[in-house]
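What follows is one structure encoded as C-alpha cells, with my remarks underneath.
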Amino acid sequence: MWITATSWTAVPRYYLSPSPPLIVCMVSSRIKCVLNMIYLQSNFGVDNDATGVQSLRIPSFELQTKGGRPDRDIWSSPNAKFYYGCSNASSKFLRPETITQPNRYLIIATSGGLNQQRTGITDAVVAARILNATLVVPKLDQKSFWKDASNFSEIFDIDWFISSLRKDVKIIKELPKKGGKTWGVRSMRVPRKCSERCYSNRVLPVLLKRHVIQLSKFDYRLANKLSTEMQKLRCRVNYYSLKFTDPIRAMGQMLVNRMGMRSRHYIALHLRFEPDMLAFSGCDYGGGEKERQELGAIRRRWKTLHITNPDRARRQGKCPLTPEEVGLMLRALGYGSDVHIYVASGEVYGGEKYLAPLKALFPNFHSKDTIASKEELAPFAPFSSRMAALDFIVCDGSDVFVTNNNGNMARILAGRRRYFGHKPTIRPNAKKLYRLFSARANMTWKEFSLKVRSYQRGFMGEPMEVRPGRGEFHENPSSCICEDSESKATKDSGNRKLGKRGDTFKEEPESLADDLDIDNEPDWMEQEDEDQDDGLSGRGQFNETIMDYDSGNSDEPELDELLSD
C-alpha cells in the first residue's frame, strides 16, 4: 500500500478496511496533515520514487473490527469448572478461646494504599493466630502518599470482620485499659516475609514481656509459605471477612449494574499510567525530549532513584504497557471494537494524547465519572481509598480483568478471581510483547495477533498457570483452590477420544505456527525465593508480568507509598 504525502489529510491510525480513502490535503488541514505524516514516517518508514516524491510503504496492518476467536471462548475459562475455592478450617484447627492467652495483644499499623493495606490486614489476623494473641482492629495508614484519613470502619464492615472470624482469632475494636490506665505499647517492625518460626523467635519473646506490641509498616510482613491451615485462614479473611461498608458496596454494585446494562459482557482495565509511576519506571514511552524532561523533573524528587538504561528496562518487561499497547493486545486476543471497557485509573500522563489510541480501538470507553454523576460520587470523592474500593468492585465484577502493571490491586484481584472461578485475568507478558510492539510495522495484523496469543499463554488467569506454592500468595492462593478430580478425569477421557485438544481447538496453519516459536509451557521467569527462616533455599518458577511493585525496598517513603497500589 502506497500513499503520497500530498494525497491525504488524516489517514486513520488503525486501518479497518483494505483501502483507506485518499483525501486531498487542504490548506486548512495542513498542520494535521503534517502531524499524521510524521506519525506514519516514524512508524512505517519512507521511500523515494524515481521523481524524488516521498511515499510511505505501509504493511497491511488491518485490524478486524469484530472480535471473537474460533478456538476458545474469550469471556470464560474452559477449565474453570474443574476448580473451586476451598478454605474451611479442618477439625484440628482449635477455636480461639482455647489458645488465646490473656494479656497478649497485637496492634497492627498498615502501610500504603487500599490494596496494600488489605494484604496487611489479612496477614495481621494470621500473625495474631500464630502468636495466640488478641488482635486489635488494624490501624489504616492515614499519612501516606494517598492522603486518606479514613479509618477501618469507614472502609470495611468492622462488625462483620470481627464476627466472621470469631472461630479463628479473637478480635477487639480497641485496646482495653490496664487497671484504668493506658498500656505502654512497644512498637517494632518484623522482617519482610517473616515465617511462623520467625514470629515465634522474634516477636513472641517481646510480646511475653510487654504484653502489648504494635507492628508498624505492616505490609508483606508474613511469608508466602505457611502451614496449610494458616494459608486457608488467610483466604477466609481476604475473601469472606473483609467486606466493604454498605455505602461502598451499594455504590460499587450500582456501577457494575450500569456496565451490565450497556453490554452483556465488559472488560475492566486497571490502567496505571500516572506521571509519578512512569517517572519511577525510567522507561521511554515515545514522547521524545518533552517526555524525558517532564518525567526527569519528577524523578529528581527522589534522591536515591537513578535511571541508567531505559531501553534495557523495556526489554526486560519492567515497564507498564501504554494504553495503545493494551488496546492492541486486547484486539489481538479477540476483543472487538464493540466491547465495552471500564477503565480504573488515576491521572493518565499526557491525557488524551495517550488515551486516544485506546479509545479509537474501543470507543465504548467508561469510568466512574462517565457512568455516575458527580452527586452520586460526592460522598466518596474526597477519599482516595473509598474511590479505589469502587474501582475494585467494578473490576472484580467484570467478565475480564486486564492490567498493564503488576501492582497490589492487580495481584489481589488476580488471586480473588482465581479463588472465585478463574474468571479471565489478563496480565501482559511484557517482556515478549515489547519486542512484538517494536516490530509490528513490519508484519501483517494476522501475524501480529497470532504472536500475541502465543506470548499470552500462561498469562490469562487459567487454572494451573502458576505452579502451586509459587509466587506471592495473595496472587496465587493455591492452598485454597481445590480440583474436582472426578469431573476433570471424565473430561480428559472424552478429550482422548476426540484428540489431544478435543473438538474445540482449531490448529493454526503449520507455516504460521512454526514462525510463532510456540512452546509447550508459558514464558516462566525464575526468581529467588525471598521467604525467611523456613529452611527452603530452592529456586522456583513464576509467570511474573511486569514491574514488581513490592514496597519497602527503597529509602524513599513517598516512593514506596506511591507504588503500593
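Out of ARG435, ARG411, which single residue is more than 17 Å from the chain's Cα centre (by Cα) and not in a loop (DSSP other than H, G, I, E, B)? I'd like the intermediate steps shown before the answer.
On the way: ARG411 fails: more than 17 Å from the chain's Cα centre (by Cα).
Only one candidate passes the filter, namely ARG435.
Please work out if ALA356 is of a type in the set (A, V, I, L, M), open to solvent by 20 Å² or more (accessible area, probe 1.4 Å), within 19 Å of PRO323 (Cβ to Cβ) and more than 17 Å from the chain's Cα centre (by Cα). Outline the logic, then answer.
On the way: of a type in the set (A, V, I, L, M): yes; open to solvent by 20 Å² or more (accessible area, probe 1.4 Å): yes; within 19 Å of PRO323 (Cβ to Cβ): yes; more than 17 Å from the chain's Cα centre (by Cα): yes.
Judged against the criteria, ALA356 is a match.
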Might you let me know whether region 328-342 holds any residue that is open to solvent by 10 Å² or more (accessible area, probe 1.4 Å), under 30 Å from MET443 (Cβ atoms) and at pLDDT below 80? no
Filter region 257-290 down to the residues that are modelled with pLDDT of 90 or more and hydroxyl-bearing (Ser, Thr, Tyr), then identify the one that is surrounded by the most Cβ atoms within 10 Å (Cβ to Cβ). TYR266
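In region 376-398, what residues are farther than 19 Å from GLN116 by Cβ and over 15 Å from the mean Cα position of the chain (by Cα)? Lay out the reasoning, then the answer.
Of all residues in region 376-398, those farther than 19 Å from GLN116 by Cβ come to 376-382, 394, 397-398.
Result: GLU376, LEU377, ALA378, PRO379, PHE380, ALA381, PRO382.
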Counted residues, region 372-391 - those being part of a helix (DSSP H, G or I) and surrounded by fewer than 19 Cβ atoms within 10 Å (Cβ to Cβ): 4
Between a first residue in region 428-443 that is touching a residue at least 40 places away in the same chain (Cβ under 8 Å) and a second residue that is of a type in the set (S, T, N, Q), which pairs have beta carbons less than 7 Å apart while being 6 or more apart in sequence or on different chains? PRO428/ASN404; PRO428/THR545; ASN429/GLN456; ASN429/THR545; ALA430/THR545; LYS431/GLN316; ALA441/ASN43
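Looking at this structure, is GLY184 more than 19 Å from MET230 (Cα to Cα), without any contact (Cβ under 8 Å) to a residue 12 or more places away in the chain and either surrounded by 14 or more Cβ atoms within 10 Å (Cβ to Cβ) or more than 34 Å from the chain's Cα centre (by Cα) (or both)?
The answer is no for GLY184.
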Looking at (1) surrounded by 20 or more Cβ atoms within 10 Å (Cβ to Cβ); (2) farther than 21 Å from GLN117 by Cα; (3) at pLDDT below 95, can you tell me which one MET409 breaks? (2)
Mind listing whichever residues of region 168-202 are assigned to a strand (DSSP E or B) and of a type in the set (Gly, Ala, Ser)? SER187
If you check MET254 against the conditions, is it under 30 Å from LEU330 (Cβ atoms), free of Cβ contacts under 8 Å to residues at least 24 places away in the same chain and among the aliphatic types (A, V, I, L, M)? no
Cross-chain or 6+ apart pairs with Cβ under 7 Å, region 208-234 first and within 16 Å of CYS86 (Cβ to Cβ) and touching a residue at least 24 places away in the same chain (Cβ under 8 Å), then outside any helix (DSSP H, G or I) and aliphatic (A, V, I, L, M): GLU229/ALA89; LYS232/ALA89
Just checking, how many residues over region 212-240 are at pLDDT 95 or above, more than 17 Å from PRO138 (Cα to Cα), open to solvent by 20 Å² or more (accessible area, probe 1.4 Å) and not in a helix (DSSP H, G or I)? 2
Residue hits (region 105-144; under 25 Å from the mean Cα position of the chain (by Cα), under 22 Å from LEU94 (Cβ atoms) and either open to solvent by 10 Å² or more (accessible area, probe 1.4 Å) or of a type in the set (Asp, Glu) (or both)) are ASP123
In region 106-153, the residues that are in contact (Cβ under 8 Å) with a residue 60 or more places away in the chain, of a type in the set (Ser, Thr, Tyr) and in contact with a Phe, Trp or Tyr (Cβ under 8 Å, 6 or more places away or on another chain): THR110, SER111, THR119, SER150
SER478, sole failed condition from (1) under 18 Å from PHE244 (Cα atoms); (2) surrounded by fewer than 23 Cβ atoms within 10 Å (Cβ to Cβ): (1)
Taking the criterion of being of a type in the set (D, E, K, R), touching a residue at least 24 places away in the same chain (Cβ under 8 Å), surrounded by fewer than 19 Cβ atoms within 10 Å (Cβ to Cβ) and closer than 19 Å to GLN116 by Cβ, would at least one residue in region 154-174 satisfy it? yes
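The values are calculated or read from the model by the stated rules, or taken from the named source; none is laboratory data. Everything quoted here is computed from the prediction, not taken from an experiment. All Cβ positions, even for glycine, are placed from backbone atoms using ideal geometry, and neighbour counts span all protein chains on display. To get the accessible areas, we keep the full protein, side chains included, count just its heavy atoms, and leave off ligands, DNA and RNA. Shrake-Rupley method; radii C 1.70, N 1.55, O 1.52, S 1.80 Å.
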